[in-house]
There are 10 protein chains.
Amino acid sequence: MQSSLRDRLPVQSATLFDAKASKNMTFEEIGKQMGRNEVAVAAIFYGNAQTTPEDVTALSNILGIDHSALEKQLAGYPYRGHAMDMPPKEPLIYRLYEIVQNYGFAYKAILNEKFGDGIMSAISFSTKVEKETDDKGDWVVITLRGKW
Amino acid sequence: MQSSLRDRLPVQSATLFDAKASKNMTFEEIGKQMGRNEVAVAAIFYGNAQTTPEDVTALSNILGIDHSALEKQLAGYPYRGHAMDMPPKEPLIYRLYEIVQNYGFAYKAILNEKFGDGIMSAISFSTKVEKETDDKGDWVVITLRGKW
Amino acid sequence: MQSSLRDRLPVQSATLFDAKASKNMTFEEIGKQMGRNEVAVAAIFYGNAQTTPEDVTALSNILGIDHSALEKQLAGYPYRGHAMDMPPKEPLIYRLYEIVQNYGFAYKAILNEKFGDGIMSAISFSTKVEKETDDKGDWVVITLRGKW
Amino acid sequence: MQSSLRDRLPVQSATLFDAKASKNMTFEEIGKQMGRNEVAVAAIFYGNAQTTPEDVTALSNILGIDHSALEKQLAGYPYRGHAMDMPPKEPLIYRLYEIVQNYGFAYKAILNEKFGDGIMSAISFSTKVEKETDDKGDWVVITLRGKW
Amino acid sequence: MQSSLRDRLPVQSATLFDAKASKNMTFEEIGKQMGRNEVAVAAIFYGNAQTTPEDVTALSNILGIDHSALEKQLAGYPYRGHAMDMPPKEPLIYRLYEIVQNYGFAYKAILNEKFGDGIMSAISFSTKVEKETDDKGDWVVITLRGKW
Amino acid sequence: MQSSLRDRLPVQSATLFDAKASKNMTFEEIGKQMGRNEVAVAAIFYGNAQTTPEDVTALSNILGIDHSALEKQLAGYPYRGHAMDMPPKEPLIYRLYEIVQNYGFAYKAILNEKFGDGIMSAISFSTKVEKETDDKGDWVVITLRGKW
Amino acid sequence: MQSSLRDRLPVQSATLFDAKASKNMTFEEIGKQMGRNEVAVAAIFYGNAQTTPEDVTALSNILGIDHSALEKQLAGYPYRGHAMDMPPKEPLIYRLYEIVQNYGFAYKAILNEKFGDGIMSAISFSTKVEKETDDKGDWVVITLRGKW
Amino acid sequence: MQSSLRDRLPVQSATLFDAKASKNMTFEEIGKQMGRNEVAVAAIFYGNAQTTPEDVTALSNILGIDHSALEKQLAGYPYRGHAMDMPPKEPLIYRLYEIVQNYGFAYKAILNEKFGDGIMSAISFSTKVEKETDDKGDWVVITLRGKW
Amino acid sequence: MQSSLRDRLPVQSATLFDAKASKNMTFEEIGKQMGRNEVAVAAIFYGNAQTTPEDVTALSNILGIDHSALEKQLAGYPYRGHAMDMPPKEPLIYRLYEIVQNYGFAYKAILNEKFGDGIMSAISFSTKVEKETDDKGDWVVITLRGKW
Amino acid sequence: MQSSLRDRLPVQSATLFDAKASKNMTFEEIGKQMGRNEVAVAAIFYGNAQTTPEDVTALSNILGIDHSALEKQLAGYPYRGHAMDMPPKEPLIYRLYEIVQNYGFAYKAILNEKFGDGIMSAISFSTKVEKETDDKGDWVVITLRGKW
């Protein structure tokens, strides 16, 4: 976790990131042990995703965090999104924002054409990140899957 | 094209949308005939993607637009993104924005972990929209693929 | 329709409001004849709600508007929300905004407590406005009903 | 209470939320014992609603908080609304904001038609949240009732 | 009416201001003939106050405007406030804004102390402007009177 | 003083509000003993008005605050206005802001008509708050008096 | 007058600038003939300063503009300041803004020290621009003179 | 220094203002002893102007501050302007901002006419504040002198 | 010139871009014939750079534009910068903005270290764009050269 | 490092700047010893550039910072850009921003003309600052080199 973000994130963020650093684990490794996608795990770390009791137990075991302390920090419901500057100043996150800015009209036109009037849920929603490599180099493949 | 957007979009947008309405074609049909993904076609309609001379000829043929008039309107380079309100007020587009707001930190964390320091290009970039249906209903699957 | 809003609304708004003024009808009367709630009818007039072919025919008949002209204006999908200043400067609309500002945390807390983590849809959503009168005067009752 | 909101809320918020967590009570249970609607109770917790002396006594008894300490924290008048980001970044609260953005014109048109020129009070105002379940799932029903 | 505001105000504004200029009347004179306070008359000219049928007739007679044309322009309900830049750039209007900025806390404290929790209506509200002169020069006295 | 404002107000605010709470006095009582209008007294408490040496002595005596400590806190000149969010989120203060938004043009028109080109001072300025009661209930009367 | 500003300025701006261009006169020359400072003359051209009847006659004579047409355009009171973007994007104007940003605290401190609590009027105010040349080149000297 | 600004200003500000208060000196007196204009001295206090080694020694001597402590606090280059809210909420500073808003176009027009295309430096720049008194009262005279 | 920018740019922009398109010339070719850097030429086209009489003659000759018409359009001084959205929404321009956001502190630190306190002029300033190609592909080299 | 920025920068910034001040070294000297450009070194100090393990070792040795403490502070990936106010209030950094505002259109036009549609990377990017001196004084030369 970037030290200058520490005050803007919920208390569990520091606990989880510090434990992850001690264990020297990746999100991918944690996710595999928890049985959850690594993006969802990272979202939990930043306080943007809800945890089940099983998640709390798993995180406590995997990262060696006292269960009841973690449970207390993760109690309640996530208050999502409020730590992010919009427009994002961070270049990598800005690129995603820029895709919305540039392709927003096109996505809406295609989605309306394919599905009629309506909306893609950002809540009944899952996402994953994959890496592809070809002779031009590495490619990021992000998949968003949301209920219409 | 929404009539209240007409003045904020480049001149080719009205030409293309009017022709599409006359021909009563979908983006999917146009895209198939052009050999381009339907999202890219919609982005061309909104002035957010560059056309090749082949694209101009194809659009002229498919939509029955005078070639030289269309060529003139599509000359130059796209001035991308400026017609979109940010934050988007349109709910469907807002949902994509919200994904960036909620998952931005998580995407950055996972991408850095998988690829190291760097960035996903929003320019050397392609995207597609697919529809999946299961017993819960329809699902939107958006794939973003960008060069690292 | 307020004359100073005319340019910010889609073309059908002027058509519909002018016809409504000529017919001197209320939204309630139009809604009854269309079989739709009056709030939804008003939302159609402002370009914020989708019409079915039946709606177009009904509006054409009720308001005496040429069917094919209206059908053309109402074609496509609504581009919602973009004509509204946020924060709303209009006092009546501001009061609704203020309710979100003042009760937003409370609504979230109660909804999470009652329904768990999740969200109320603003799309699979209906709303109605009723008038109650008691010895203190008139009361507005607005009901929002959204899918969890 | 979300830990990252703690500094933006008044002092009584921490006191009340900590006691509620210790007692493991819901707003509904507290509201029933206080004889107040659960939304109003949550609004008190977030510092957006005024308490009567009876409320203070009830909260002190129900939650096991020292009466004079609580009374001191709840003295004075609420300074409403200032902790909420507008536009709300939290998705659930954003949906309510979006309803104002999308239906604001329609509400105003209907209210003016039904009540003439005027305004719905957001102060002489009550609200409640109910849960309905049908074969499509759960529905949130929010009722706003304000003096015209 | 300032020419650069013309496009931001409703259509009746131009009609009324042009007629007022032709008749070379002040708001005070018009108000006296209409039996309304001059500030309310000016607010009607700018589209921020509702007119009764009697107001329309009076304005038509006093200013020599065709009654049915004026009635049509003044039909509907005012869409208040949206033409004003906030913060106001105009120095005279900014001074009023500055009073809110500087005295807002003090007004709230005094009003809560005098009236308890609640709010002053800006709708059930009247206001007047008077001129006082003493040896230091002229003084503006603005009175705001609103229902608690 | 609202606890969540404490950090945004100057140091004397806490001193003065705490002493006022201990003495259980109203601004009206303090103002009478100081020979100043209660609104001005509240403005001093929030750091938005200048104190004379007599004010400091009076406040020290009335509220039982050590004179030299208070004098030091009140030394210097007020840095006015910076603690107030604009637009105000607090509903009561917002109503005053809304009056500027809705009546700003009208006030300017009337003031120019009555006084010619110029401005009302917000500095050579006094204000008072009065309570009137009639059969409709309580009314707030705020008077602003400024040098032209 | 910059052509892209034409729509944001009042109607007299175009009249005056066009006439000035035809006569090929400088503001200094016009000001000398009118007996007013050149900065005030420029402010009249941009609609930010009030004209006396003598000013109108002088401008009409000097610039060869029809008197009654000009009188009508200059009637009413200036609606000041609203055409300027703030922060100014124009570099020369930004430099003045930057002086306020960098020296604002210092000016306030010095002015309070020299004059006590109070304010410099921006209305009972005059300003002039002079050119000084020394061996380092040209210097701009702007003098602001305002009533305390 | 206003206590509520303390956290937004650099560390030397507190040191310098506290010492100035102890010595009970004005900026004018300090400036005379340092051989610098009082406005520049105030700008140093607020962290907006660079100090020479001679300035540090002078300030240390005049104000009785430990030389090496002060030298350390004043090391580096000023990070100018960032503590000022723009638009300024403080009325006195706002008046200067308002002058830019109202006279910006006029200054640019006059400066271009007198000097051609170019800009007035806000860096190779000096400024002073003078007090003039006539039978109308006190006048502030602020002079800005910048390299073209 | 992008058609959707046409209204935000000064009148000469349309004249110049239309002529350039007719002549089918690049900025590089025009610049060579005018003896000015191509970036400066493009800045003239967008109304952000001043032209000399020689420039006007050259542009008139090269592009086949009537001299006196062009001279009139280019008369006066550029009103720079106001057509650009900030933050830029256009991705290519955003990248330059992002460099300022990411490297701003570093540039300031290095410039202060190398030059002492002061500033780089953005007015006594020239810039050029070059293309370099190596085995990794094409590289853009932008050089900024400003007077300290 | 400016003391008022300390809280907005990551923890390593204080460590690095304090050590640099103790060693009394310039960025140029540090950069030479590290084998990296001085601008990149400054960017590391402000938390806007990634370090390699070699960089950490070099910084630790050169500046006398405990290796493992520094390594821990520099672990993870930079969260770029978020400490910078945009628009920058600091005059020197503002000048770079102003170049984007004034020359943005021109850069885009030239880059599109030279390279076709695409973008200059701000990530695969290097930059340097040089000092040139001629008889007019010192000149800053900033070179930006980015992958197309």
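Values for this structure:
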read-out: Residue in segment J:62-76 that is under 30 Å from A:GLN2 (Cβ atoms) and at pLDDT below 90 present; value: yes
read-out: Scope segment A:47-61; condition over 21 Å from C:TYR107 (Cβ atoms) and either under 15 Å from the mean Cα position of the chain (by Cα) or surrounded by fewer than 17 Cβ atoms within 10 Å (Cβ to Cβ) (or both); matching residues; value: A:THR51, A:THR52, A:PRO53, A:GLU54, A:ASP55, A:THR57, A:ASN61
read-out: Whichever residue in segment C:88-119 is open to solvent by less than 10 Å² (accessible area, probe 1.4 Å) and of a type in the set (Asp, Glu) and, among such residues, is farthest from A:SER124 (Cα to Cα); value: C:GLU90
read-out: Residue in segment A:69-86 that is within 23 Å of J:ARG80 (Cα to Cα), facing another protein chain (nearest Cβ under 7 Å), among the small types (Gly, Ala, Ser) and in contact with a Phe, Trp or Tyr (Cβ under 6 Å, 6 or more places away or on another chain) present; value: no
read-out: J:GLY137 being more than 27 Å from A:MET86 (Cβ to Cβ) and not aliphatic (A, V, I, L, M); value: yes
read-out: Identity of the residue in segment C:137-148, open to solvent by 30 Å² or more (accessible area, probe 1.4 Å) and in contact (Cβ under 8 Å) with a residue 12 or more places away in the chain, that ends up nearest to the chain's Cα centre (by Cα); value: C:ARG145
read-out: Search result, residues across segment I:62-75 that are surrounded by 14 or more Cβ atoms within 10 Å (Cβ to Cβ) and among the acidic types (Asp, Glu); value: I:GLU71
read-out: Segment G:1-17 - residue that is part of a helix (DSSP H, G or I) and closer than 20 Å to I:PHE45 by Cα and, of those, most open to solvent (accessible area, probe 1.4 Å); value: G:ARG6
read-out: Residue list for segment E:91-148, restricted to those being assigned to a loop (DSSP other than H, G, I, E, B), farther than 23 Å from D:ASN48 by Cα and of a type in the set (D, E, K, R); value: E:ASP135, E:LYS136
read-out: Selection from segment I:122-136 of residues that are more than 7 Å from every other protein chain (Cβ to nearest Cβ) and touching a residue at least 24 places away in the same chain (Cβ under 8 Å); value: I:SER126, I:LYS128
read-out: Any hit, segment D:76-84, residues being farther than 30 Å from B:VAL100 by Cβ, free of Cβ contacts under 8 Å to residues at least 40 places away in the same chain, in a helix (DSSP H, G or I) and open to solvent by 60 Å² or more (accessible area, probe 1.4 Å); value: no
read-out: Pair list, Cβ under 8 Å, 6 or more apart: segment I:45-70 residue assigned by TED's automatic domain parsing to the domain that holds I:LYS32, other residue aromatic (Phe, Trp, Tyr); value: I:PHE45/I:PHE17; I:PHE45/I:PHE27; I:TYR46/J:PHE105; I:GLY47/I:TYR79; I:ASN48/J:TYR103; I:ASN48/J:PHE105; I:GLN50/I:TYR77
read-out: Any hit, segment A:92-110, residues being more than 8 Å from chain B (Cβ to nearest Cβ) and among the acidic types (Asp, Glu); value: no
read-out: Qualifying residue in segment A:29-42 (condition: open to solvent by 70 Å² or more (accessible area, probe 1.4 Å), under 14 Å from the mean Cα position of the chain (by Cα) and of a type outside the set (Gly, Ala, Ser)); value: yes
read-out: Within segment F:19-43, tally of residues that are in a helix (DSSP H, G or I), without any contact (Cβ under 8 Å) to a residue 12 or more places away in the chain and out of contact with any helix residue (DSSP H, G or I) (no Cβ under 6 Å at 6 or more places or on another chain); value: 3
read-out: Residue list for segment A:111-120, restricted to those being facing chain B (nearest Cβ under 7 Å) and not aliphatic (A, V, I, L, M); value: A:GLU113, A:LYS114, A:PHE115
read-out: Residue identified as out of contact with any Leu (no Cβ under 8 Å at 6 or more places or on another chain), farther than 30 Å from H:LYS136 by Cβ and assigned to a helix (DSSP H, G or I) among E:GLN73, E:GLN50; value: E:GLN73
read-out: Scope segment F:119-144; condition of a type outside the set (Ser, Thr, Tyr) and under 11 Å from E:VAL140 (Cα atoms); matching residues; value: F:ILE119, F:MET120, F:ALA122, F:PHE125, F:LEU144
read-out: Odd one out for J:SER60 among (1) facing chain I (nearest Cβ under 9 Å); (2) of a type outside the set (Asp, Glu); (3) farther than 22 Å from H:TYR79 by Cα; value: (1)
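The values are calculated or read from the model by the stated rules, or taken from the named source; none is laboratory data. It should be emphasised that the depicted structure is a prediction, and the values quoted were computed from it without experimental measurement. Here Cβ is always computed from backbone atoms with ideal geometry, including for glycine, and neighbour counts include all displayed protein chains. Accessible surface is based on the protein model in full, side chains and every heavy atom, while ligands, DNA and RNA are left aside. Shrake-Rupley method; radii C 1.70, N 1.55, O 1.52, S 1.80 Å.
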